[in-house]
Amino acid sequence: RGVADRTGASQHTQHCPRSPRGAAHTAVAQRIGGDCTRRGNSVGRMQPSQTPLLLLLTATHALRSPSMGDVQSTHAVRHPPVLCSISARGKPTNAVINTVNGVRRKRLGGTDIEVSEIGLGTQRWGSKDFNAPDLELCHTLLDRAVLDSGVNLIDTAEQYPIPSDWRRPEGSTERIIGSWLAKDATRREQVVIASKITGGINVDAVNIEKDLAGTLKRLRTDYLDLYLLHWPARYTPQSNWGMSLEYNAGMEMLSGNRASFDEVAEAMDKLVQRGLIRGWGMCNDNAYGLAASCGAARVLGGTPPCVMQNDYSLINRRIEENGVSEASAPVHENVGFFAYNVLAGGMLTGKYMQTPAAVDDTQPE
């Protein structure tokens with residue numbers, strides 16, 4: 001299982017169609033729980049003998065040092081046909097599988113996807129920010145992370161870059177990554193690419209397939225390692241990026257006629273069976289969304305989600321409070337975990353101790 005706790009519940013496994021010859025992908029990933037021996041997604045509790053391990057997945061805007069870039073170690077991986085495990089038992093998430101250039105690679109959920117503890121975030125690549133990395137610098141970051149430093153996880157989304165505009169529209173970041181992959185045919189097998197479909201009302205069975213087709217075209221590849229919902233189809237306070245996490249029952253009225261957990265699980269499983277994706281998961285969700293997604297996949301007899309991605313850092317540990325640690329543990333859903341914003345927007349680097357952060361808008365209204 002990869003870099004985090006993963007889903008999985010029943011006792012049997014099933015072979016997925018021959019997986020595309022790629023390397024395991026994850027996203028800016030971070031591990032909060034210790035290695036466990038059973039199924040489940042463990043962002044969570046560790047036994048006294050276990051050592052906490054943070055898999056730091058940092059978005060590109062967190063670090064701006066020319067020497068550091070946004071590198072989070074990548075590992076080049078070759079993998080056999082993927083064995084999609086409906087049961088996590090015997091393949092606990094977060095198990096260390098290999099070490100490349102000093103960077104550990106771990107099993108993601110109950111799958112055979114192996115991801116580096118450190119991932120390369122791409123949210124600002126090619127954006128309209130005044131200091132956003134351009135195509136040349138993005139390629140340099142990929143060279144350093146993937147080719148030189150043992151990192152294999154690249155995290156992106158169809159909605160990137162953020163912020164975008166008409167000259168740098170959504171999808172531009174995937175195009176930058178695709179242009180780097182096109183330089184050498186062997187690069188695709190060295191990386192695990194995670195991308196995300198825009199959430200909310202956009203999520204349904206038709207768009208899950210249609211948006212994936214656009215992502216594959218921009219990335220210039222015929223398969224994706226990990227496909228995540230950028231935020232859930234339903235209303236949930238977890239998807240508001242740092243605002244109050246208080247649940248508002250009245251907001252459920254805005255979630256009417258959204259895609260169900262069954263619809264999403266079935267659509268994702270079809271993509272796995274067709275060899276278009278190796279695994280799937282969700283981003284900006286909570287323990288309820290994780291458990292319900294895993295339950296839907298089990299009832300349908302399909303491929304369970306193997307990863308959840310949330311905002312997490314040493315000063316933002318709310319996911320540990322909302323049940324994700326327990327739900328994702330190997331003894332429960334056995335789902336891996338990716339953390340983004342692990343440096344808290346750069347605050348944890350210490351770079352703002354002497355120099356305050358720059359003002360984004362120099363001409364406020």
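The values are calculated or read from the model by the stated rules, or taken from the named source; none is laboratory data. Since the model is a prediction, treat every value here as computed from it, not as a measurement. Here the Cβ is made from the backbone with ideal geometry for all residues, glycine too, and neighbour counts use every protein chain on show. These accessible areas exclude ligands, DNA and RNA; they are computed on the full protein's heavy atoms, side chains included. Shrake-Rupley method; radii C 1.70, N 1.55, O 1.52, S 1.80 Å.
Summed over region 320-342, the residues that are crowded, with 24+ Cβ neighbours inside 10 Å and either part of a helix (DSSP H, G or I) or among the hydrophobic types (A, V, I, L, M, F, W, C) (or both) give a count of 9. Of all the residues in region 228-257, those that are open to solvent by less than 20 Å² (accessible area, probe 1.4 Å), over 15 Å from Arg278 (Cα atoms) and at pLDDT 90 or above number 3. Cβ separations smaller than 6 Å between residues 6+ apart or across chains give the following pairs from region 212-233 residues that are closer than 15 Å to Ala259 by Cβ to residues that are modelled with pLDDT under 95 and among the basic types (Lys, Arg): Ala233/Arg258.
Checked against (1) open to solvent by less than 60 Å² (accessible area, probe 1.4 Å); (2) assigned to a loop (DSSP other than H, G, I, E, B), Cys294 passes all but a single condition, namely (2).
Conditions (1) more than 22 Å from Gly336 (Cα to Cα); (2) hydrophobic (A, V, I, L, M, F, W, C), marked per residue:
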{"position": "Leu147", "(1), (2)": "yes, yes"}
{"position": "Ala157", "(1), (2)": "no, yes"}
{"position": "Pro161", "(1), (2)": "yes, no"}
{"position": "Arg168", "(1), (2)": "yes, no"}
{"position": "Leu224", "(1), (2)": "no, yes"}
{"position": "Ala233", "(1), (2)": "no, yes"}
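Filtering region 169-214 to residues that are open to solvent by less than 10 Å² (accessible area, probe 1.4 Å) and farther than 19 Å from Val307 by Cα leaves Gly171, Thr173, Glu174, Ile177, Gly178, Trp180. Arg124 falls short of the stated requirement of being surrounded by 19 or more Cβ atoms within 10 Å (Cβ to Cβ), free of Cβ contacts under 8 Å to residues at least 40 places away in the same chain and farther than 15 Å from Ile193 by Cβ. Beta carbons closer than 9 Å, at least 6 apart along the sequence or on distinct chains, pair a first residue in region 90-111 that is within 18 Å of Asn334 (Cβ to Cβ) and free of Cβ contacts under 8 Å to residues at least 60 places away in the same chain with a second that is part of a strand (DSSP E or B) and basic (Lys, Arg) for Ile97/Arg104; Ile97/Arg105; Ile97/Lys106; Ile97/Arg107.
It is to be established whether one or more residues within region 259-271 are in contact (Cβ under 8 Å) with a residue 24 or more places away in the chain, open to solvent by less than 50 Å² (accessible area, probe 1.4 Å) and part of a loop (DSSP other than H, G, I, E, B). Yes - at least one qualifying residue is present in region 259-271. Within the bounds of region 220-227, is there any residue that is out of contact with any His (no Cβ under 6 Å at 6 or more places or on another chain) and either open to solvent by 40 Å² or more (accessible area, probe 1.4 Å) or part of a helix (DSSP H, G or I) (or both)? Yes, region 220-227 contains at least one residue that is out of contact with any His (no Cβ under 6 Å at 6 or more places or on another chain) and either open to solvent by 40 Å² or more (accessible area, probe 1.4 Å) or part of a helix (DSSP H, G or I) (or both).
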